[in-house]
Amino acid sequence: AQSVAQPEDQVNVAEGNPLTVKCTYSVSGNPYLFWYVQYPNRGLQFLLKYITGDNLVKGSYGFEAEFNKSQTSFHLKKPSALVSDSALYFCAVRGLDSWGKLQFGAGTQVVVTP
Amino acid sequence: EAGVTQFPSHSVIEKGQTVTLRCDPISGHDNLYWYRRVMGKEIKFLLHFVKESKQDESGMPNNRFLAERTGGTYSTLKVQPAELEDSGVYFCASSQALGGIADTQYFGPGTRLTVL
């Protein structure tokens with residue numbers, strides 16, 4: 001069985017400071033990892049994904065994520081947070097035995113204050 | 001290119017009534033998925049269509065839920081009869097025809113269902 005954990009319900013950060021949203025996973029075989037963001041009253045928007053190759057993945061809006069196999073983590077990062085980054089962030093994993101379906105974490109609310 | 005669209009955006013119904021949600025995937029996407037987020041919890045998979053066929057319906061909670069995708073284009077998800085615990089946000093997603101494990105799923109805005 002596969003699972004995803006986002007240990008923080010909420011992350012608070014001041015504008016201009018680095019932002020990190022944590023994600024750990026459990027899956028059989030090689031993981032396929034995704035980050036999505038949900039802005040207020042909007043649907044889920046794809047940010048980035050890790051399939052294979054370079055452990056540092058760059059995505060939309062200046063976000064990046066680092067895949068760490070030994071720690072089974074895929075933390076989302078942004079060097080300098082903006083107020084407009086305030087949103088709900090979801091980590092998701094797909095394993096080889098799950099074909100299409102994504103397993104999501106519970107989500108982390110990011111609040112960026114001016 | 002239009003994204004995934006869902007209708008309605010909100011639905012409020014009474015327990016025991018029937019509701020039908022609709023999803024239009026991105027044009028050319030053979031894979032269509034339904035997910036649900038209940039009471040602020042994690043987003044959970046419901047089912048997966050490849051064209052008009054159900055590839056995986058392991059996440060469907062019970063037989064009150066019926067999903068169809070006639071002609072392999074849009075999909076409907078019917079809840080009949082609705083119960084209080086069905087309240088939540090229903091998301092639809094689609095991915096392109098390759099259908100590989102690395103495919104990105106693109107999500108619609110969701111339908112917020114409230115059962116009173």
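The values are calculated or read from the model by the stated rules, or taken from the named source; none is laboratory data. Please read these numbers as outputs of a predicted model, since none were measured by experiment. Heads up, the Cβs are rebuilt from the backbone with ideal geometry, glycines too, and the neighbour counts pull from every protein chain shown. Side chains are part of the model used for accessible areas, which takes the heavy atoms of the whole protein and leaves out ligands, DNA and RNA. Shrake-Rupley method; radii C 1.70, N 1.55, O 1.52, S 1.80 Å.
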Open item on the list: Looking at B:GLU42 and the list (1) open to solvent by less than 30 Å² (accessible area, probe 1.4 Å); (2) within 14 Å of another protein chain (Cβ to nearest Cβ), which single condition is not satisfied?
Closed with: (1)
TODO: Please list, ordered by first then second residue, the pairs with beta carbon atoms under 7 Å, 6 or more apart or interchain, first in segment B:102-115 and within 11 Å of B:HIS10 (Cα to Cα) and at the interface with chain A (Cβ under 7 Å from one of its Cβ atoms), second part of a strand (DSSP E or B) and of a type in the set (Phe, Trp, Tyr).
DONE: B:GLY110/B:TYR90; B:GLY110/B:PHE91
- [ ] Those residues that are touching a strand residue (DSSP E or B) at 6+ places or on another chain (Cβ under 6 Å) and among the aliphatic types (A, V, I, L, M), I need them from segment B:31-49; list them, please.
- [x] B:LEU32, B:VAL38, B:ILE43, B:LEU46, B:LEU47
TODO: Could you please give the count of residues in segment A:1-20 that are of a type in the set (A, V, I, L, M) and more than 15 Å from B:GLU42 (Cβ to Cβ)?
DONE: 4
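When you go through A:VAL37, A:VAL93, A:VAL83, A:VAL110 one by one, which is the residue that is more than 14 Å from chain B (Cβ to nearest Cβ) and open to solvent by less than 20 Å² (accessible area, probe 1.4 Å)? Steps first, answer last, please.
Details: A:VAL37 fails: more than 14 Å from chain B (Cβ to nearest Cβ); A:VAL93 fails: more than 14 Å from chain B (Cβ to nearest Cβ); A:VAL83 fails: open to solvent by less than 20 Å² (accessible area, probe 1.4 Å).
The conditions single out A:VAL110.
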- [ ] Answer with yes or no whether B:THR18 is exposed (fewer than 13 other Cβ atoms within 10 Å of the Cβ) and either more than 11 Å from every other protein chain (Cβ to nearest Cβ) or more than 28 Å from A:SER3 (Cα to Cα) (or both).
- [x] yes
- [ ] Taking the residues in segment B:26-75 that are farther than 23 Å from A:GLY105 by Cβ and among the polar types (S, T, N, Q) as candidates, determine which candidate is nearest to the chain's Cα centre (by Cα).
- [x] B:SER75
- [ ] Please go through segment B:49-101 and pick out each residue that is among the acidic types (Asp, Glu), more than 12 Å from chain A (Cβ to nearest Cβ) and open to solvent by less than 60 Å² (accessible area, probe 1.4 Å).
- [x] B:GLU83, B:ASP86
